[in-house]
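Here it is, the structure in full.
Just so it is clear, none of the values below were taken in a lab; they were calculated from the coordinates. Note that the coordinates shown come from a computational prediction; the quantities given were computed from them, not determined experimentally.
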Amino acid sequence: MLFKIIRANFLAVGTLNIKQKTGNKMKNFKKTAFVALFALALAILGVSAHAGKPGFEKCQGIVKTGMNDCGTAKHACAGMAKVDNDPEEWVFVPEGTCAKLAGGKVKK
């Protein structure tokens, strides 16, 4: 009799743990899916933001380390400039400003 009670409690607890684990997996999946969709939306917005800004021009050769606006042949992301004033790195500046800056060259 005691064995049956212990076994019944063990099965009930075991079933509860399985349900909790399954529920936690589903919650984790939902969170992961939400974060992935949010990251995708940010990536899409980020790509369109660097396509060009009205009233601004791309100015090469004036960027400080880690302050570039977008990728080059050396890397694909903003903020990855390795040295100051690299001739390939660029940043958006108001139109007409680049020509006034020492070392600045408008990227076409």
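What fraction, in whole percent, of alpha-carbon pairs in region 52-108 exceed 17 Å separation? Kindly include the intermediate steps, with their values, before the conclusion.
Values: 445 of 1596 pairs.
The calculated P(r) of region 52-108 puts 28 percent of pairs beyond 17 Å.
Compute the length gained on full extension between ALA99 and PHE29: take 0.36 nm times their separation in residues and subtract their Cα-Cα distance, giving the result in nm to one decimal.
Details: separation 70, 0.36 × 70 = 25.20 nm, distance 5.17 nm.
Gain in length upon complete extension: 20.0 nm.
For the cross-link pairs LYS31/LYS53; LYS31/LYS82; LYS30/LYS53; LYS74/LYS108; LYS53/LYS74, which exceed 27 Å when the distance is taken from alpha carbon to alpha carbon? Working shown, then result.
Working: LYS31/LYS53 34 Å; LYS31/LYS82 35 Å; LYS30/LYS53 36 Å; LYS74/LYS108 18 Å; LYS53/LYS74 23 Å.
Too far apart for the 27 Å limit: LYS31/LYS53; LYS31/LYS82; LYS30/LYS53.
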